[in-house]
1. Could you do me a favour and compute the accessible area per residue for the stretch 138-222, 1.4 Å probe, result in Å²?
2. Quick one: length gained pulling residue 284 to residue 184 fully straight, 0.36 nm per residue minus the C-alpha distance?
3. If you roll a 1.4 Å probe over the heavy atoms of the protein chains, what accessible area per residue do you get for the stretch 46-90, in Å²?
4. How far is helix 90-106 tilted, in degrees, relative to the longest principal axis of the Cα atoms in the chain, given as a value from 0 to 90 rounded to the nearest 10?
5. Using alpha carbon centroids, what distance separates the stretch 259-281 and the stretch 76-125, in Å?
6. Between their Cα atoms, which of 235/284; 13/235; 27/284; 13/102; 13/157; 102/234 are more than 31 Å away from each other?
7. Can you give the local net charge around residue 68? Use residues other than it whose beta-carbon is closer than 12 angstrom to its beta-carbon, Lys and Arg +1, Asp and Glu -1.
8. Measure nothing fancy, just the Cα-based angle from helix 189-198's long axis to the longest principal axis of the chain, in degrees from 0 to 90, nearest 10.
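The values are calculated or read from the model by the stated rules, or taken from the named source; none is laboratory data. Keep in mind that this is a model prediction, so the values were computed, not measured. Positions of Cβ are backbone-derived with ideal geometry, glycine not excepted, and every protein chain shown enters the neighbour counts. Accessible surface is based on the protein model in full, side chains and every heavy atom, while ligands, DNA and RNA are left aside. Shrake-Rupley method; radii C 1.70, N 1.55, O 1.52, S 1.80 Å.
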Amino acid sequence: MRIAYNLFTQKPKEELTDFKNWTQKVKPGDGSDFFRHNGAGEMLVFSAADFEDFLEPRPDLPQTMEEELEPVVRHLVEQRWPFRLHATYDESISRMLDVFEKVNRDIPFNGLPWFFDHAETISPKNIERVRALNGGIAIQDRMAFQGEYFVERYGAKAAEKTPPIQRMLAEGIPVGAGTDATRVSSYNPWTSLYWMVSGRTVGGMELYPEGLSRATALELFTHGSAWFSSEQGKKGQLKVGQLADLAALSLDYFSVDDEAIKGIESVLTVVDGKVVYGAEEFDKYGPSLIPVLPEWSPVALVPGHWRAGAPMAAALHQCVGPCGVHAHSHEKARHSTVPVNDFQGFWGALGCSCFAF
């Protein structure tokens, strides 16, 4: 595993103190190709955090946000520290960009890497403002898991451009894809790629009239994301001179049905030219698995990410009549509009249809 880490402020109202301390101790790029410092964020100041629970109304950032954010950004630019900032809503992004543009007038960014994380509802105008400051946008698959909630609150039409990935790409700004795991989303990149390609949530709801091409979606996860750790030209492509990291997959990503993308796994993983994982016919080439700690972790009992057609999944759906745990009617669940009938989908994968009710 390769990690480019960012330093995340720890103390409300003392954020500038944190960053002044850290900029004296470490420089961006310090470390190795396996563990290296990447800058500041995604929390720069606590007052600039517009958390992304679409079950709740959009939060209004406090009026003190700008006066707290500006000195931190000013210090980071002076120290030439790349930075990233969590931002979900366009209303927040507008105010944050006001701060960035003000600092840039005094201390030009001059190519300093910076970007927003998430940006689900960013407007075309603000995408242009990001481009003018040579920033980027790192998108994640939160809509794959919260799309239904977003549609219920803001409507299907608004969801069609949440996030507006096609517009970001058309403007020519750097765009990278990720999962926002593990507290907000699943760590599985194939779940995210399924969402981008199919335009559907993990629950089966169609969000977008047309998804991304498979090549574009994959590029955002690989070559596109290298920009965000200042490693463009070093990783993200199978190319002479780049890091020798690659994976052989269980299925052909470019030819399988959209639904099958979610079930893709690595059967052979190579990092730095060395085999670090092998399965199926490559099992003999992989190293022994390390013990799971703590021992009580579910990871020790569950064989990896959920697989469609696994024996456990099949057994869970042989039930008839009411649920023995919840006493809910399975018949009601099976005939509902929620896609619990699809055992390869999110609700069915949980093992009990009535989980959705």
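1. Spelled out: the 1.4 Å probe surface of the stretch 138-222, per residue, equals 42 Å².
2. The residue 284-residue 184 span can extend by a further 32.5 nm.
3. 43 Å²
4. 30 degrees
5. Centre-to-centre distance over Cα atoms comes out at 36 Å.
6. 13/235; 27/284; 13/157; 102/234
7. For residues surrounding residue 68, the net value is -2.
8. 90 degrees
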